[in-house]
Amino acid sequence: MTLDAQGANAINRAGLNGQPPRCRHIDQLVSVEYGPPECTQCLALGQSWTRLLVCLTCGWVACSDDVGGGHARDHYRETDHPVVAALAPRSTWRWCYVHRRAV
C-alpha cells in the first residue's frame with residue numbers, strides 16, 4: 001500500500017496514469033427510481049429541453065444547461081445532490097457538480 005504524507009492510502013485516491021482522483025460521491029449512491037422523463041419546471045414555463053438529466057441521489061429528472069433551463073443544476077444548488085446522469089438509453093455519462101467533471 002502506498003501512503004501519502006497524511007498516512008492515507010494514496011492508491012485509492014489517485015487515478016491511473018495521471019487521471020483525476022476517483023469521485024467518492026459515486027461510492028455513496030444507492031439505486032433510486034427515476035421520475036417521469038420530463039422537466040416539470042420547463043413544462044410549467046412553457047419551455048422545451050434538449051437533454052434530460054437524472055439526479056442519482058433522489059431520481060429527480062430535469063433539463064441540462066444546454067438550452068438555458070439548467071433546472072438539473074438548480075436542483076443540485078437546492079439539495080447538494082452531487083451526481084447526475086444523462087437520461088438516455090445506454091448512456092453511461094455522469095457528472096459530478098462538486099468536482100465539475102464527468103465521472
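The values are calculated or read from the model by the stated rules, or taken from the named source; none is laboratory data. All of these numbers come straight from a predicted model, not from anything done at the bench. All Cβ positions, glycine included, derive from the backbone under ideal geometry; neighbour counts span all protein chains shown.
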State which residue pairs qualify: first residue exposed (fewer than 11 other Cβ atoms within 10 Å of the Cβ) and inside the stretch 30-45, second residue of a type in the set (Ser, Thr, Tyr) in any location, beta carbons under 9 Å apart, and separation of 6 or more residues or different chains.
30/57
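Quick check: is even one residue across the stretch 40-55 part of a loop (DSSP other than H, G, I, E, B), closer than 23 Å to residue 98 by Cβ and of a type in the set (S, T, N, Q)? Walk me through how you get there before you give the answer.
Step one: filter the stretch 40-55 for residues part of a loop (DSSP other than H, G, I, E, B), giving 46-51.
In the following step, the residues that additionally are closer than 23 Å to residue 98 by Cβ were identified as 51.
Now narrow it down to the ones that are of a type in the set (S, T, N, Q): none.
No, there is no match, as no residue in the stretch 40-55 is part of a loop (DSSP other than H, G, I, E, B), closer than 23 Å to residue 98 by Cβ and of a type in the set (S, T, N, Q).
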Checklist (1) exposed (fewer than 13 other Cβ atoms within 10 Å of the Cβ); (2) at pLDDT 85 or above applied to residue 15, failing item:
(2)
Filter the stretch 64-80 down to residues that are modelled with pLDDT of 95 or more and surrounded by 19 or more Cβ atoms within 10 Å (Cβ to Cβ) and give me whichever is nearest to residue 97 (Cα to Cα).
76
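Does the stretch 84-102 hold any residues that are without any contact (Cβ under 8 Å) to a residue 60 or more places away in the chain and on the phi < 0 side of the Ramachandran plot, and which are they?
Matches in the stretch 84-102: 84, 85, 86, 87, 88, 89, 91, 92, 93, 95, 97, 102.
For the stretch 66-103, which positions are among the aliphatic types (A, V, I, L, M) and either within 17 Å of residue 32 (Cα to Cα) or touching a Ser or Thr at 6+ places or on another chain (Cβ under 6 Å) (or both)?
Step one: filter the stretch 66-103 for residues among the aliphatic types (A, V, I, L, M), giving 67, 72, 83-88, 98, 102-103.
67, 72, 83, 84, 85, 86, 87, 88, listed by residue number.
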Considering only residues that are more than 18 Å from residue 41 (Cα to Cα), hydrophobic (A, V, I, L, M, F, W, C) and in contact with a His (Cβ under 6 Å, 6 or more places away or on another chain), which ones fall in the stretch 55-95?
83
Looking at the stretch 54-82, I want the residues that are without any contact (Cβ under 8 Å) to a residue 12 or more places away in the chain and have a partner that is of a type in the set (S, T, N, Q) with Cβ atoms under 8 Å, at least 6 apart or on another chain. Which pairs are those?
70/64
